[in-house]
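Before any comments, here is the structure.
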Amino acid sequence: MDLPSTIAIDGPAASGKSTLGALLAKALGYLYFDTGVMYRAVTLAALQNDVDIFDEAAIGQLAEQVRIDVGPASIDDGRDYDVMLDGQDVTWLIRKDTVNDHVSDISIYARVRKAMTEQQRRIAKENKVVMVGRDIGTVVVPDADLKIYLDASVEVRAERRYQEMLERGEPADYEAVLRSLKNRDHIDSSREIAPLKPAEDAIVIQADCLGIQQVLEKAKELVYRV
Ligand code: DC
């Protein structure tokens, strides 16, 4: 039986798609590629170099210039992969609040999307891959063998993110998490280029009442059914 060699997983922020992608890739022995890290790395590069997030031309140029490498985890500190930005290990830096707050803003720029999409297509072509993002099934690899759209209500996603922060001992405010997710959902779904939406041939998994193991089982059923 031929298994799907390119699997696209899209969905809104904090829907659990990264966790699903990592587990599925591990189960299949595929490369796991979380494309959001690329947009995050460009955002971090802008913040580190004092480039104005709202200067579209400057951010576009930056996206074309920076070198972003994603590879297997080289340190055992809970990471699933290394993210390098011009040789600097930014795996954890790209998760900080200032990046969360601006990553959707830079993701609307055409030049940024073009630069990121080209790199993602190359990686998809060269590997058996589980690729996670917002526009993987619609734009990056529309001919993916299997497309999953992982959805959950914004309240459930905010609660899960809030609990994760508490578990890590970070200061957490549910209302602030909810506001931030609503804001990102709005920007990600209403942008002109490659907005967040399920591809017509995507299979939607609604995860409000499902734990990660149940979501993984459903995804595996789809993999072995294709
Ligand atoms: O999945 P994430 O939270 O790491 O994604 C961060 C941002 O990157 C998200 O708000 C929108 C953008 N993104 C995108 O536009 N297209 C992708 N394929 C992946 C992420």
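The values are calculated or read from the model by the stated rules, or taken from the named source; none is laboratory data. As the structure is a computational prediction, the values presented were derived from the model and not from experiment. Note that each Cβ is placed from the backbone with ideal geometry, even for glycine, and that neighbours are counted across all protein chains shown. Protein only, heavy atoms only, side chains kept; ligands, DNA and RNA dropped before computing areas. Shrake-Rupley method; radii C 1.70, N 1.55, O 1.52, S 1.80 Å.
Observations on the structure shown:
- Overall, the accessible surface of the range 54-208 at a probe of 1.4 angstrom is composed of carbon and sulfur to the extent of 49 percent.
- Computed accessible area, Ile75, all protein chains, 1.4 angstrom probe, square angstrom: 80 Å²
- For the range 71-161, a Kirkwood radius taken over Cα pairs fed into Stokes-Einstein (10 °C, viscosity 1.306 mPa s) yields D = 102 µm²/s.
- For the range 136-144, the Karplus equation 6.51 cos²θ - 1.76 cosθ + 1.60, evaluated at θ = phi - 60°, returns couplings of 5, x, 8, 10, 5, 10, x, 9, 3 Hz by residue, with Gly and Pro reported as x.
- Geometric descriptor of the range 1-98, per residue, is 130 Å³ (volume of the convex hull of the Cα atoms).
- Per residue, the range 125-226 exposes 56 Å² of solvent-accessible protein surface, assessed with a 1.4 angstrom probe and all protein chains in place.
- All other residues whose Cβ lies under 13 angstrom from that of Glu159 are scored, Lys and Arg at +1 and Asp and Glu at -1, for a net of -3.
- Taking all C-alpha pairs of the range 92-226, those more than 20 Å from each other amount to 56 percent.
- Amide H contacts under 5 Å for Ile148: Ala8, Ile9, Asp10, Ile203, restricted to partners 5 or more places along the chain or on a different chain, H placed in the peptide plane at 1.01 Å from N.
- Sequence-distant residues sharing a close amide H with Ser107 (under 5 Å, placed H): none
- The helix-based estimate of mean residue ellipticity at 222 nm for the chain, built from -39,500 (n - 2.57) per DSSP H run of four or more residues and divided by its residue count, is -15000 deg cm²/dmol to the nearest 500.
- In Hz, Karplus ³J(HN,Hα) per residue of the range 56-70 (6.51, -1.76, 1.60; θ = phi - 60°; x = Gly, Pro): 4, 5, 5, 5, x, 5, 4, 4, 7, 8, 6, 10, 10, 10, 10
- Shape category assigned to the range 153-226 from the gyration tensor of Cα positions, a/c cut at 1.5: oblate
- Lysines whose Cα lies under 19 Å from that of Lys182, excluding same-chain neighbours fewer than 8 positions away: Lys17, Lys96, Lys197
- For the chain, the Cα-based Rg and Dmax, in that order, read 16.8, 52 Å.
- Rounded to the nearest whole Hz, the Karplus-based 3J(HN,Hα) values (6.51 cos²θ - 1.76 cosθ + 1.60, θ = phi - 60°) of the range 157-164 follow the sequence 5, 5, 4, 5, 4, 4, 5, 4, with x at glycine and proline.
- Distance between the range 51-95 and the range 146-220 - C-alpha centres, whole angstrom: 22 Å
- Here the label points at Leu166 and Cys209, each 7 Å from Cα along the C-beta direction, are separated by 2.3 nm in the simple model.
- Amide N of the range 85-110 lying under 16 Å from the label point, which is placed 7 angstrom from the Cα of Ile75 along Cα→Cβ: 85-96
- Taking 20 Å as the cut-off, the amide N atoms of the range 132-156 that come nearer than this to a point 7 Å along the Cα-to-beta-carbon line of Arg121 belong to 132-147.
- Using only side-chain charges placed at the Cβ, +1 for Lys and Arg and -1 for Asp and Glu, the dipole size of the range 1-122 relative to its Cα centre rounds to 400 debye.
- Near Ser5, the amide H atoms lying under 5 Å from its own belong to Asp145; only residues 5 or more places off or on other chains count, and H is placed 1.01 Å from N.
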